[in-house]
Amino acid sequence: MATTYKILGQAAPTANTLTDVYTVPSATQAVISTITVCNQTAENASYSIAVAADGAADANTQYIIRGGVVPAADSIGITLGITLDAADVVRANTNQSNVSFNIFGSEIA
């Protein structure tokens, strides 16, 4: 099994739209080490991050952060050790435009 360290996903969702940021490819597992949230606006932004097993429909049980706040013109880094299987999906949402999400980690195939 080969391990590849990489940027797993990047997205700047439309405000108030839950968006897929990363989907684990088939026959692959992944480990997320860090998620960054960058607020490029002049106002505080609310954000949420969810992990859906096998790409399941949105449900309250999937949220690892719900209603977090990133200050205006600032970034936060969230260091985790989330393990994912093929077809699992990481989704993000924010109440502002110009907020970006970056997911870093490794894929094992």
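The values are calculated or read from the model by the stated rules, or taken from the named source; none is laboratory data. This one's a predicted model, so the numbers in the text were calculated from it and none came from an experiment. When we count neighbours, we look across all protein chains shown, and the Cβ atoms used for this are built from the backbone with ideal geometry, even at glycine.
Descriptive notes on the structure:
- Test for V31: is it under 27 Å from M1 (Cα atoms), of a type in the set (A, V, I, L, M, F, W, C) and either surrounded by 16 or more Cβ atoms within 10 Å (Cβ to Cβ) or touching a Pro at 6+ places or on another chain (Cβ under 7 Å) (or both): yes
- Only one of T17, T41, T36 that is of a type outside the set (D, E, K, R) and in a strand (DSSP E or B): T36
- Residue in segment 49-56 that is over 14 Å from the mean Cα position of the chain (by Cα) and surrounded by fewer than 16 Cβ atoms within 10 Å (Cβ to Cβ) present: yes
- Hits in segment 20-33 (condition: assigned to a loop (DSSP other than H, G, I, E, B) and more than 25 Å from N60 (Cβ to Cβ)): P25, S26, A27, T28
- On inspection, L80 qualifies as surrounded by 13 or more Cβ atoms within 10 Å (Cβ to Cβ) and modelled with pLDDT under 95.
- The set of residues in segment 35-48 that are within 9 Å of the chain's Cα centre (by Cα) and not small (G, A, S) comprises I35, T36, V37.
- Of V70, V51, V31, all but one fail to be of a type outside the set (F, W, Y) and under 19 Å from N98 (Cβ atoms); the exception is V70.
- Against the list (1) loosely packed, with under 15 Cβ neighbours inside 10 Å; (2) within 12 Å of the chain's Cα centre (by Cα); (3) in contact (Cβ under 8 Å) with a residue 60 or more places away in the chain, the condition T17 fails is (2).
- When we screen T4, T79 for residues that are assigned to a strand (DSSP E or B), within 13 Å of the chain's Cα centre (by Cα) and either on the phi > 0 side of the Ramachandran plot or among the hydroxyl-bearing types (S, T, Y) (or both), the only hit is T79.
- When we screen V90, V69 for residues that are under 12 Å from V24 (Cα atoms), in a strand (DSSP E or B) and either at pLDDT 95 or above or in contact with a Ser or Thr (Cβ under 9 Å, 6 or more places away or on another chain) (or both), the only hit is V90.
- Those residues of segment 93-106 which are on the phi < 0 side of the Ramachandran plot and either in a loop (DSSP other than H, G, I, E, B) or free of Cβ contacts under 8 Å to residues at least 24 places away in the same chain (or both), in sequence order: N95, Q96, S97
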